[in-house]
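As structure tokens, the structure follows; a few thoughts come after it.
Derivation of every value follows stated rules applied to the coordinates shown; laboratory data play no part. Because the structure is a prediction, the values reported are computed rather than measured. Cβ: placed from backbone, ideal geometry, glycine included. Neighbour counts: every protein chain shown.
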Amino acid sequence: MSAASRIRRITQTYIQNPRDDVVGKAMDDLVDAKIRHFEAVAEGPHRNVGRLSEGGVMAVLGASGAGKTRLLEREFHRRDEFKGYGTSDCLLISVKARSPFSFAGFALDLAAGVTLDNKTFKNRDAAFRFARKQLVNRVAFVHIDEVQLFLASSKALSICTLPPINACVSWRS
């Protein structure tokens with residue numbers, strides 16, 4: 001085996017870390033909360049859902065290149081709840097915040113994430129309306145990679161117009 005092949009194998013190897021279990025447990029809690037919400041809603045409109053209707057957030061922090069995204073993607077592929085990750089059949093979508101952040105770009109990326117096709121929108125508001133409808137009707141979890149770009153934006157508070165969702169976010173500390 002050549003030196004280049006050995007280096008490639010080493011860099012592609014994932015080394016299990018005790019922190020992986022912590023992320024797995026946090027993911028269990030996030031998924032369990034959403035399942036309880038689905039069950040409460042299924043009981044009918046008379047059921048008081050209360051705080052179960054609120055979305056949850058799990059944040060994974062670390063230095064650039066620490067493996068945050070790779071860890072989350074491994075977790076997404078491992079879980080039955082996210083079967084079909086990367087396809088339109090999955091309850092989870094992943095969106096990577098653009099640098100420099102633009103709300104219009106985020107709206108388009110979010111809409112593209114829920115459709116997984118090249119649907120076009122005349123403006124960011126149309127993209128957000130479409131994404132919001134999909135988030136309410138089909139998507140239960142959103143992974144926002146490089147979310148620090150989003151949070152650093154002065155327009156970050158506008159995200160409140162989206163429905164309650166469960167989010168897995170990763171950003172550099």
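Tabulated data for the structure shown
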item	result
Gained length - ASP29 relative to ARG129, 0.36 nm times residue gap less alpha-carbon distance	33.1 nm
Sorted peptide list for 69-81, 101-113, 129-141, criterion being average Cβ within 10 angstrom, highest first	101-113, 129-141, 69-81
Efficiency of FRET from Cβ geometry, ARG9 and LYS96, R₀ 22 Å, rounded to 0.05	0.25
Distant-in-sequence amide H partners of VAL60 (H built 1.01 Å from N, under 5 Å)	VAL169, SER170, TRP171
Per-residue HN-Hα couplings for the range 26-42 [Karplus 6.51, -1.76, 1.60; θ = phi - 60°; Hz; x = Gly/Pro]	4, 5, 4, 4, 5, 5, 4, 4, 5, 5, 4, 5, 4, 5, 5, 5, 5
Inter-site label distance for VAL22 and ASP89 at 7 Å from Cα along Cβ, in nm	3.5 nm
Members of LYS25/LYS68; LYS68/LYS122; LYS34/LYS122; LYS25/LYS133; LYS25/LYS83 lying beyond 23 Å, as alpha-carbon distances in this model show	LYS68/LYS122; LYS34/LYS122; LYS25/LYS133
